[in-house]
1. Between the stretch A:290-352 and the stretch A:130-178, what's the alpha-carbon centroid distance in Å?
2. Taking each label point as 7 Å beyond Cα in the direction of the beta carbon, state the distances from B:Pro48 to the same residue in the other copies, shortest first, in nm.
3. Name the nearest-to-axis residue of chain B, judged by Cβ distance to the rotation axis taking chain B onto chain A, and quote that distance in whole Å.
4. Kindly work out what percent of the DSSP beta bridges joining two residues of the stretch B:2-103 are antiparallel, to the nearest 5.
5. Taking amide H atoms as placed 1.01 Å from N in the peptide plane, list the residues 5 or more away in sequence, or in a different chain, whose amide H sits under 5 Å from that of B:Phe16.
6. With every protein chain left in place and a probe of 1.4 Å, what is the accessible surface of A:Val323, to the nearest 10 Å²?
7. What does the charge count near A:Gly22 come to, summing +1 for each Lys or Arg and -1 for each Asp or Glu among other residues with Cβ under 10 Å from its Cβ?
8. For the protein assembly as shown, what is the percent of antiparallel DSSP beta bridges, rounded to the nearest 5?
There are 2 protein chains.
Amino acid sequence: MKRAIDFARNGQFDSFIAVGGGSVMDTANAAALYASNPQADFLDFIVPPFGLAKIPDRPMLPLIAIPTTAGTGSETTGVSIMDMPEHKCKTGIRLRCLKPLLAIVDPLNVMSLPRNVAVYSGFDVLCHALESYTALPYNERVPRPATPQERPVYQGSNPISDMWSLEALRVMQKYFRRSVFDPSDEEARTHMLMASSFAGVGIGNAGVHLCHGLSYPISSQNKKYTDPDYPQQKALIPHGLSVVTTAVADFEFLIPACPDRHANAAKALGADIPVRVSASNEYISRHLCDQIRGFMSDFKVPNGLGALGFTPSDLPNLTDAAVSSFEKASIAPRKTDRDAVAVIYEKSMKIY
Amino acid sequence: MKRAIDFARNGQFDSFIAVGGGSVMDTANAAALYASNPQADFLDFIVPPFGLAKIPDRPMLPLIAIPTTAGTGSETTGVSIMDMPEHKCKTGIRLRCLKPLLAIVDPLNVMSLPRNVAVYSGFDVLCHALESYTALPYNERVPRPATPQERPVYQGSNPISDMWSLEALRVMQKYFRRSVFDPSDEEARTHMLMASSFAGVGIGNAGVHLCHGLSYPISSQNKKYTDPDYPQQKALIPHGLSVVTTAVADFEFLIPACPDRHANAAKALGADIPVRVSASNEYISRHLCDQIRGFMSDFKVPNGLGALGFTPSDLPNLTDAAVSSFEKASIAPRKTDRDAVAVIYEKSMKIY
């Protein structure tokens, strides 16, 4: 990403086109922002605790984003994620002004996605939608910013983001399996790509919390896992896989904070929870987590941290990295301390 | 509107704020557009058949829109509607660049709406949502524009506008009656104002067709109707009332063109149509139109064209004006000729 920024700054370009998945679009987004703010230090725009979260003096240069995976939703968000090897964690830039000018969302660009890319980017959509829908509501988020300009991109769930997130879940229920089991199913792949954009608008206005927050240490501390459908040159846990690995344990932990929202999400995913029944937390939890586990086992994804090569002795390092990357203004709907994170990683050793 | 344009052109303002209902926001929108295009003739940007639908050389000046009615959705659309007395009809400007820069959608601004303003602006929301959801799909609309720049604002129904339109209908089911019967119900008025913006995004991306198309002659050819909750200085049929007056007859006519969509709309409004039952057109029609008639009779709105002061001898004039204002590229889902329009007006003499 730093090389891309240098290239963009030196090239005196007036606009950019990003063709690719989330890494490509996020890198181009950052390059277009730093190119128009040539004095800025790399850490200036990165969120705490690693960066300074400054507001840029100048808007980014125009960027046209063309997604080639159905997962990231980066074409819609003001977010750019990068790895920070020195902190063993991923972090990012989150700015309202960090957004492509235009996106070209063409389903023909995802028809040739390899199987596992379709699977893992689909899980990214699933977690985007679930996390943004269950995020702390925007009017309960603290501290409140002093001015509208300082309002965070991850502002918490709200009636607009809710609509996009729930619609993404409804699409997943109908098309996720179809899009994986029959790669030639253009209708299914079209709707999954739309769901990716929909959930992108959801997170772009509400935010993500535990699944994503706990995924960054998993990705960064991977030592040897490689996936046959991804480049083999270096060890890589695909983003969507690291995100969904803790999802079941995350939502089991979060459900007591807002059981109704989790029940709505489960219903949008197809869970048969009767309307007008006051369901217990355990009942909702089983239904929502069954939906997630159902996708994971149907697609035979690596079954938990254990299958990704982590051993119990790795868990404290994961926990440390996660807790140190947490921001004060988390939008997780339940207070998440070190013990809670440790339990979630432990439960995520094996999932289904 | 012409006076506002002159005022805006002469004042050399750099930006505008519109505080009011649809007329106010539409007038300010037009003023901000013509002020930045000082050479343009008034008819240049107006749609056919009355205007030339030219694409402006320069973007409009910045406008902040603050709606004070829960109906128009003008704060979200690229549409500005005006009366053309010389043609006895309303018409408008529709341009992708004709959009407020920002809207402040604050429910406290609609808490003091008079009863009938709440009722009729609510019917405007209802028809925006129903018309945009049932509009010809974007990929069946002809003729196709030669360039993306010429893509019409009313581009037909599509997966994005569908989401907003259906959500507006779900909100109406829950809150329309509450917002009218208890004006102090802040929750209901909040949701109705949001539904107004939601349905605005629906029409702003899909468009309206018969209810709105047939309402313009009704408004323009009114001779004596006044409403106690609107200004009394001159005869006025409130926009939402003229729009909903033909709604039942419109949808009875349109249902055979896309019965599934009409069934979905009826379900979003709360009609008890069983899932997975292949319903007849008559069954869907009765359920959808019962929802519309239910609102109309519960709110005791004037019962049809007769109650608005029209007699059977006025109907040919209404029909002529409607047909002459129709554009070639209508997005009504069913071909609507002069005979069809005449029958709709005739059926709309009395509704419930």
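The values are calculated or read from the model by the stated rules, or taken from the named source; none is laboratory data. As the structure is a computational prediction, the values presented were derived from the model and not from experiment. Using ideal geometry, Cβ is built from the backbone for each residue, glycine included, and neighbour counts are taken over all protein chains shown. Side chains are part of the model used for accessible areas, which takes the heavy atoms of the whole protein and leaves out ligands, DNA and RNA. Shrake-Rupley method; radii C 1.70, N 1.55, O 1.52, S 1.80 Å.
1. Between the Cα centres of the stretch A:290-352 and the stretch A:130-178 lies a distance of 21 Å.
2. The answer, with the shortest distance listed first, is 5.9 nm.
3. Spelled out as residue then distance in Å, it is B:Met163, 3.
4. Within the stretch B:2-103, antiparallel bridges account for around 50 percent of the total.
5. B:Leu63, B:Ile64
6. That residue has around 50 Å² of solvent-accessible surface.
7. Numbers: positive: none; negative: A:Asp26, A:Glu75, A:Asp124.
Charge balance near A:Gly22 sits at -3.
8. Numbers: 14 of 30 bridges.
Of the beta bridges lying entirely in the protein assembly as shown, close to 45 percent run antiparallel.
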